[in-house]
1. Among 48, 31, what's the order by accessible area (1.4 angstrom probe), most exposed first?
2. In nm, to one decimal, how far is the modelled label at residue 180 from the one at residue 159, with both set 7 Å along Cα→Cβ?
3. In segment 105-179, what percent of the accessible surface is made up of carbon and sulfur (1.4 Å probe, ligands and nucleic acids excluded)?
4. Show 26, 86 ordered by accessible area, largest first, where the area counts protein heavy atoms only and the probe is 1.4 Å.
5. Not counting ligands, DNA or RNA, and with a 1.4 Å probe, what is residue 166's accessible surface area in Å² rounded to the nearest 10?
6. Along the Cα-to-Cβ line of residue 45, 7 Å from the Cα, sits a label point; which residues in segment 142-167 have backbone N less than 13 Å from it?
7. Averaged per residue, what accessible surface does segment 85-181 expose to a 1.4 Å probe, in Å²?
8. When 1/r is averaged over all different Cα pairs and the result inverted, which Kirkwood radius in Å belongs to segment 39-181?
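The values are calculated or read from the model by the stated rules, or taken from the named source; none is laboratory data. Computed from a prediction, not measured in an experiment: that's the story for all the values here. Every residue, glycine among them, receives a Cβ derived from its backbone with ideal geometry; neighbour counts consider all protein chains shown. Note: accessible area is taken over every heavy atom of the protein model, side chains too, but ligands, DNA and RNA are not part of it. Shrake-Rupley method; radii C 1.70, N 1.55, O 1.52, S 1.80 Å.
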Amino acid sequence: MSAKDRGRRGKNLKRSTETRRIRTTFRVYAEGVSTEPEYIDALKRLPEFANAVSVEVSIEEAGATPMHLVESACADKRRANLDIDFYWCMFDVEYPQPHPYLDRARQMANDNGVHLAISNPCFEIWLILHHRQHGGHLTTDEAIQLRRRLDGSDGKHLDGSLYTRLTDNAISRAQALRKRHQLDGTEFPGDNPSSSVDKFVTHIRELIKSTSEPDTNNDRRPLT
């Protein structure tokens, strides 16, 4: 290889390094071993998502309590050797038998900068909102059965492409439910039905938008 060729190759590599955007990293702690990870995997397959964000789903153990998830997230966040920008815990309230220590888990997450995506009574209400608005109180079993009727699934797995097409509907409906509970003065965990998974999805979308905008300052540092 001539000196001229070596110089041209070095210049191209330098330009590539300078313009490559660094993906923002998320770690999500979830109690569900199939539905929640499959939903997140569907988001990750979207081209704009893959270019801007890296998401790792951590299943501590099947059916882990919200308190256990938050404790794990907080412990990992305190470790300086983990290159993670945002920590999220995704869990259910459950009904008629709610998980223990829900308020304590929420307070610990807030104190440690861990984000929460909570569904009441369960993650299925978030999936239901992709298909229709639902304002009536639900037990966990009722939510699972309604979701199955709406998407024709066995309740254990989901069609990711179907749900990514309907995400905008779910976001607006989840926001409307949250506003209704606020106006009614209904406080957690009495805010059944509700889901704040929309905040997780919106967080990612905002990051995608920010990384796709022209960078006049040539600043490629990850968002924090």
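1. Putting 48, 31 in descending order of accessible area: 48, 31.
2. With each label placed 7 Å out from Cα toward Cβ, I get 2.6 nm.
3. 44
4. Putting 26, 86 in descending order of accessible area: 86, 26.
5. 40
6. Answer for this model: 158-165.
7. 47
8. 16.5
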